[in-house]
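Accompanying notes for the structure given below.
The values are calculated or read from the model by the stated rules, or taken from the named source; none is laboratory data. On a predicted model such as this, the values are computed, not experimentally measured, just so you know. Here the Cβ positions follow ideal geometry from the backbone for every residue, glycine too, while neighbour counts run over all protein chains shown. Just the protein is used for accessible areas: all its heavy atoms, side chains included, with ligands, DNA and RNA removed. Shrake-Rupley method; radii C 1.70, N 1.55, O 1.52, S 1.80 Å.
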Amino acid sequence: MAILQVEDIRKTFGKTPVLENISFDLDEGEALAIIGSSGSGKTTLLRCLNFLEKPDGGKITVRGETLFDAADPATQREREVRRKRLHFGMVFQSFHLFPQYTALDNVTLAGKLLAREREDYKARKKEIFAQIEDEGRALLARMGLSDRAGHYPHQLSGGQQQRVAIARALALHPDILCFDEPTSALDPELTGEVLKVIRALADQRTTMIIVTHEMAFARDVAERAIFMDGGVIVEQGPARELIEHPREERTRQFLSRYAQH
């Protein structure tokens, strides 16, 4: 059953079309890889899903709820963006950790801020915060970082920082976890530890969209793949089939160029 439905998403910067009629579904528990050259629109698509960018057209639906419809102004109210953003956990290329906070604080900060809106916050603040911190420690343990909870970002390697960022994205229990080139800022020797975490999440049937340049990883971990070029979806299908036996010439050319690097 589709947890996410994306219909005819369009986005233009100035007079330059960046996304044109992007449509796809994502099933619960599915890992979807999005591949393509730089400038193909992959990151912009994730930013539209996470409401960091406002689409110019189209429709986004999660669990049957219309989060955005270009034809319905009621779905475009700015005051609702934060609530809608909670459906998507975002892991960026660069880690975006707060340098003044420990790993645990980075993971729990958003949850503590949201807790202030609870009706029972004043009466149960200590209990609520303790629960959030327990969940944060459990997430760090899941990332293999139990012994780094009290460390600051500058005390962590790039791979460890990205794993903290993944824990932070999971902390609010999003419907869909989105990765935007999660290893592009890492040295090659650190890439494997982050990919291992993402692979484990896929094995646990975490619903994910992964923008990646790691073709072998996309082939082996994702159920489906989308190839984008020039702001359009050129081809989509089972990941292994698309990467090993692409149907479209543009897909073949991209994969051929990539294999030469």
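Taking other residues whose beta carbon is less than 9 angstrom from the beta carbon of ASP180, and scoring Lys, Arg as +1 and Asp, Glu as -1, yields +1. GNM on the chain, alpha-carbon springs under 10 angstrom: the most fluctuating residue among GLU127, GLU135, GLU244 is GLU127. What percentage of all Cα-Cα pairs in the chain are separated by more than 32 Å? Counting every Cα pair in the chain, those more than 32 Å apart make up 25 percent.
Simple point charges give the picture: +1 on the Cβ of Lys and Arg, -1 on the Cβ of Asp and Glu, and for the chain a dipole about the Cα centre of about 780 debye.
Ligands, DNA and RNA left out, the accessible area of the chain computed with a 1.4 Å probe is 48% carbon and sulfur. For THR251, neighbours were defined as the other residues whose beta-carbon sits under 12 Å from its Cβ, and their charges (Lys and Arg +1, Asp and Glu -1) total -2. For the range 103-185, the dipole from Cβ point charges (+1 on Lys and Arg, -1 on Asp and Glu) about the Cα centre works out to 280 debye, to the nearest 20.
Summed over all non-identical Cα pairs, the Kirkwood treatment of the range 181-261 gives a radius of 13.5 Å. Over the range 16-131, the Kirkwood radius and the radius of gyration, each from Cα atoms, give a ratio Rg/Rh of 1.02. In the context of the full set of protein chains, residues of the chain present 49 Å² of accessible surface per residue (probe radius 1.4 Å, heavy atoms only).
Per-residue packing, averaged as other Cβ atoms within 10 Å, sorts the ranges 76-88, 36-48, 113-125, 143-155 into the order 36-48, 143-155, 76-88, 113-125, beginning with the highest. Straight Cα distances below 17 angstrom link LYS11 to the aspartates and glutamates GLU20, GLU53, ASP56, ASP69, ASP72, ASP229, with same-chain residues fewer than 8 positions distant left out.
Couplings for the range 186-200, taken from phi via the Karplus curve 6.51 cos²θ - 1.76 cosθ + 1.60 with θ = phi - 60°, read 9, 5, x, 6, 9, 4, x, 5, 6, 4, 4, 5, 5, 4, 5 Hz in order; Gly and Pro are left as x. Excluding same-chain neighbours fewer than eight residues apart, the aspartates and glutamates reachable from LYS122 by a Cα-Cα span under 19 Å are GLU133. Using C-alpha pairs below 8 Å separated by at least 6 residues, the relative contact order for the chain is 26 percent. Expressed as a fraction of 2.2 N^0.38 Å, the value expected for a compact globular protein of N residues, the C-alpha radius of gyration of the range 152-203 is 1.12. Site pair LYS54 and GLU80 shows an inter-label distance of 1.4 nm when each label is modelled 7 Å from Cα along Cα→Cβ. Measuring between their Cα centroids, the range 56-113 and the range 151-219 lie 18 Å from each other.
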